[in-house]
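Below you'll find the structure, written out as structure tokens, and then a few comments.
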Amino acid sequence: MPASEFDYQEILKNWNTSEEQAKADFLDALYEFYCPGNGCYTGLYQRFQSDIVEFCRHLVVNRGTEVAELFRAGLEL
């Protein structure tokens, strides 16, 4: 469907206000964490994804045995 034929009624029919608010709150938290200071949220989620991958890699390399034990126990990190 071309952008000019966007059906807002269809979007609003399935709109979950609490879910959308949670997304907005998370982006606000990322903005506060990274402090870009320019009012621009562009790229913050992608930066967060990259940082999470680095963190997990570091965790597995440096604490691999502990992480493996948690997974075997069925616990969340």
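Residues of the stretch 29-77 that are at pLDDT 80 or above, hydroxyl-bearing (Ser, Thr, Tyr) and part of a helix (DSSP H, G or I): 31, 34, 45, 50.
Can you pull out every residue in the stretch 44-55 that is touching a helix residue (DSSP H, G or I) at 6+ places or on another chain (Cβ under 9 Å) and either of a type outside the set (D, E, K, R) or loosely packed, with under 10 Cβ neighbours inside 10 Å (or both)? Listed by number, the residues that qualify are 44, 45, 48.
Against the numbered list (1) surrounded by 10 or more Cβ atoms within 10 Å (Cβ to Cβ); (2) under 22 Å from the mean Cα position of the chain (by Cα), residue 68 comes up short only at (2). Condition (residue is in contact with a helix residue (DSSP H, G or I) (Cβ under 8 Å, 6 or more places away or on another chain), at pLDDT 90 or above and surrounded by 10 or more Cβ atoms within 10 Å (Cβ to Cβ)) applied to the stretch 2-24: is it met by at least one residue? No, the stretch 2-24 contains no residue that is in contact with a helix residue (DSSP H, G or I) (Cβ under 8 Å, 6 or more places away or on another chain), at pLDDT 90 or above and surrounded by 10 or more Cβ atoms within 10 Å (Cβ to Cβ). For the stretch 43-75, name all the residues that are aromatic (Phe, Trp, Tyr) and farther than 26 Å from residue 28 by Cα. Of everything in the stretch 43-75, just one residue is aromatic (Phe, Trp, Tyr) and farther than 26 Å from residue 28 by Cα, namely 71.
The values are calculated or read from the model by the stated rules, or taken from the named source; none is laboratory data. Since we're looking at a predicted model, the values are computed, not measured. Neighbour counts are summed over all protein chains in view; Cβ atoms, including those assigned to glycine, are modelled from backbone coordinates with ideal geometry.
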